[in-house]
Amino acid sequence: MSESLKSKVFFKTFGCRTNIYDTQMMIEALKDFEVTDNELYADIIVVNSCTVTNGADSGVRNYISKQNREGKKIIFVGCGAPTRGSELYNQKKVFGVLGHSEKCNINAALSSHEPFKNIGVLTHLDKNIVSNYHNKSKAFIKIQEGCDFACSYCIIPHARGKARSQNENKIIEQVKILAQNGFGEFVLTGTNIGSYGKENGVTLGNLLQKIGAVNGVKRVRMGSIEPVQIDESFKEILKESWLEKHLHIALQHTNEQMLKIMRRRNSVKKDLELFLELSSLGFALGTDFITGHPGESEEIWQNALENFKKFPLTHLHAFCYSKRDGTHSASMKQSVDGKSAKKRLKELQAVTAQNNFLFRQKKALLKILIEEQKEGFFTGFDQFYNRIFIKTAQNLNGKWISVNKYEPKKEGNYAIF
């Protein structure tokens with residue numbers, strides 16, 4: 001089929017880095033379609049969905065409704081397929097539904113003239129690999145699927161299944177190909193990457209050592225990991241030059257009673273010891289946090305805030321509790337009003353923003369991968385996952401640079417190169 005006669009496909013990706021990876025895998029599996037970066041020109045729109053909260057579901061549904069009004073043919077994939085796929089299909093909101101295990105069959109699915117629903121299974125591992133990324137300066141590598149945790153607020157185990165790890169040789173093969181294609185920064189993703197290798201005695205630390213040894217790998221970043229998953233093999237790589245000097249470790253809360261209510265596996269005392277140890281090694285540290293979860297009384301909150309201030313946190317991914325149907329928390333009485341939850345969230349953000357500003361004032365040699373040019377500045381992230389804005393007459397897009405003279409401001413660091 002000539003290129004001009006091929007139907008155009010637009011991929012709309014919601015949610016996390018793992019979905020970014022899955023979208024790229026589907027793009028590489030297409031043979032009979034042309035990918036477009038503009039949804040206005042698309043004949044088909046593939047919606048790679050996120051279902052982590054009711055709010056995420058609503059955002060996806062609103063997008064689908066808008067595209068239906070535009071007369072687009074919609075294929076629904078991603079985490080929402082097992083949880084919302086049948087509903088959308090039965091309501092004729094989407095032409096087709098495709099589960100995670102079926103995404104490698106995207107070309108055949110898009111070629112179908114009949115509506116379809118194939119949610120697949122939640123036990124699969126990807127057989128194909130991603131060899132390139134369009135319009136990306138860094139590469140994403142999915143190392144595992146699923147999660148065995150049963151946190152009270154989380155629906156993702158129902159959407160991604162139990163934890164299972166990708167074959168180590170396949171991961172290394174993928175890193176080598178992407179490195180040969182010019183990528184130097186790699187971001188490891190998955191549902192719960194800290195559980196990597198638990199079923200066969202391999203550890204995330206061991207895997208990282210092998211990735212770091214691949215020729216062309218300049219920096220390895222990771223998605224969120226759990227405090228209880230930072231073992232001795234992981235600590236052995238903390239001084240490696242290729243490891244980002246920023247770790248995102250999911251606390252979710254800093255009150256012992258709330259951690260029990262949320263069915264978490266970490267404890268405040270051990271978490272604080274770990275964070276202080278990592279901070280002493282020069283790491284910038286981020287975390288996830290939920291405010292306003294059922295059971296978070298004012299007394300509990302005040303204790304949590306007091307504890308939170310003891311943690312050397314420089315980055316924060318926090319949000320107010322949002323009820324998610326199908327989770328344990330959804331059956332609990334909501335004891336915190338939205339206004340209070342937002343106030344608590346802002347308190348955490350203020351503490352972390354101040355920590356981050358103070359951290360950046362301790363001058364260091366910054367190693368930066370430039371990702372884009374925006375509003376007169378070249379921008380990218382340093383090894384501490386802080387954004388920098390650079391004024392220069394040179395074209396720095398996609399380049400690695402080092403900067404030792406810069407001005408820290410509230411929104412980021414500024415430099416002239």
Given the residues Asn128, Asn107, which is the only one that is in a helix (DSSP H, G or I), among the polar types (S, T, N, Q) and surrounded by fewer than 19 Cβ atoms within 10 Å (Cβ to Cβ)? Asn107
Tally of residues being in contact with a Ser or Thr (Cβ under 6 Å, 6 or more places away or on another chain) and surrounded by 21 or more Cβ atoms within 10 Å (Cβ to Cβ) across region 286-306: 1
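The rows are residues; the columns are (1) in contact with a Leu (Cβ under 7 Å, 6 or more places away or on another chain); (2) without any contact (Cβ under 8 Å) to a residue 60 or more places away in the chain; (3) assigned to a loop (DSSP other than H, G, I, E, B).
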| residue | (1), (2), (3) |
| --- | --- |
| Leu358 | no, yes, no |
| Leu369 | no, no, no |
| Gln373 | no, yes, no |
| Phe378 | yes, yes, no |
| Phe389 | no, yes, no |
| Ala393 | no, yes, yes |
| Gly398 | no, no, yes |
| Ile401 | no, yes, no |
| Ala415 | no, yes, no |
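Within the bounds of region 327-338, is there any residue that is in contact with a helix residue (DSSP H, G or I) (Cβ under 7 Å, 6 or more places away or on another chain) and among the charged types (D, E, K, R)? Quick ask: steps written out before the conclusion?
Step one: filter region 327-338 for residues in contact with a helix residue (DSSP H, G or I) (Cβ under 7 Å, 6 or more places away or on another chain), giving none.
So far as region 327-338 goes, no, none of its residues is in contact with a helix residue (DSSP H, G or I) (Cβ under 7 Å, 6 or more places away or on another chain) and among the charged types (D, E, K, R).
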Looking at region 276-299, which of its residues are in a loop (DSSP other than H, G, I, E, B), within 20 Å of Gln349 (Cα to Cα) and under 25 Å from the mean Cα position of the chain (by Cα)? Phe283, Gly292, His293
Where the second residue is assigned to a helix (DSSP H, G or I) and the first is touching a residue at least 60 places away in the same chain (Cβ under 8 Å) and lies in region 212-241, which pairs have Cβ atoms under 7 Å and are six or more apart or on separate chains? Gly223/Arg17; Gly223/Ile193; Glu226/Gly194
Selection count where residues are of a type in the set (Asp, Glu) and farther than 21 Å from Tyr21 by Cα, scope region 75-111: 1
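If you scan region 112-125, which residues turn out to be small (Gly, Ala, Ser) and either outside any loop (DSSP other than H, G, I, E, B) or under 17 Å from Thr18 (Cβ atoms) (or both)?
Restricting attention to region 112-125, the residues satisfying the condition of being small (Gly, Ala, Ser) are 112, 120.
Gly120 - this is the single residue of region 112-125 that is small (Gly, Ala, Ser) and either outside any loop (DSSP other than H, G, I, E, B) or under 17 Å from Thr18 (Cβ atoms) (or both).
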Suppose the filter is farther than 30 Å from Cys320 by Cβ, at pLDDT 95 or above, of a type in the set (D, E, K, R) and not assigned by TED's automatic domain parsing to the domain that holds Asn105; does Lys198 pass it? no
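Only one residue in Ser335, Ser322 is under 22 Å from the mean Cα position of the chain (by Cα), farther than 24 Å from Leu238 by Cα and surrounded by fewer than 21 Cβ atoms within 10 Å (Cβ to Cβ), so which one is that? So that I can check it myself, show each step before the final result.
On the way: Ser335 fails: under 22 Å from the mean Cα position of the chain (by Cα).
The match here is Ser322.
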Restricting the first residue to region 75-99 and requiring it to be closer than 16 Å to Val52 by Cα and surrounded by fewer than 23 Cβ atoms within 10 Å (Cβ to Cβ), which pairs with a second residue that is among the hydroxyl-bearing types (Ser, Thr, Tyr) and at pLDDT below 95 meet a Cβ separation below 6 Å and a spacing of at least six or different chains? Thr83/Thr51
Does Leu369 satisfy being more than 15 Å from Lys409 (Cα to Cα), hydrophobic (A, V, I, L, M, F, W, C) and within 20 Å of the chain's Cα centre (by Cα)? yes
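Give me a count of the residues in region 131-149 that are in a strand (DSSP E or B) and touching a residue at least 60 places away in the same chain (Cβ under 8 Å).
First pass over region 131-149, keeping only residues in a strand (DSSP E or B): 139-142, 144-145.
Still in the list and also touching a residue at least 60 places away in the same chain (Cβ under 8 Å): 140-142.
Total meeting the criteria: 3.
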Say we look at region 372-417 and pick out the residues that are within 17 Å of Ala284 (Cβ to Cβ) and among the hydrophobic types (A, V, I, L, M, F, W, C); which of these is farthest from the chain's Cα centre (by Cα)? Val403
Go through region 338-356 and give me each residue that's buried (at least 16 other Cβ atoms within 10 Å of the Cβ) and more than 24 Å from Glu256 (Cβ to Cβ). Asn356
With respect to Asn181, determine if the residue is in contact with a Phe, Trp or Tyr (Cβ under 7 Å, 6 or more places away or on another chain) and touching a residue at least 40 places away in the same chain (Cβ under 8 Å). no
When you look at Gly71, is it over 26 Å from Gly161 (Cα atoms) and free of Cβ contacts under 8 Å to residues at least 24 places away in the same chain, yes or no? yes
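The values are calculated or read from the model by the stated rules, or taken from the named source; none is laboratory data. Nothing here was measured: the structure is a model prediction, and the numbers come from that model. Neighbour counts are summed over all protein chains in view; Cβ atoms, including those assigned to glycine, are modelled from backbone coordinates with ideal geometry.
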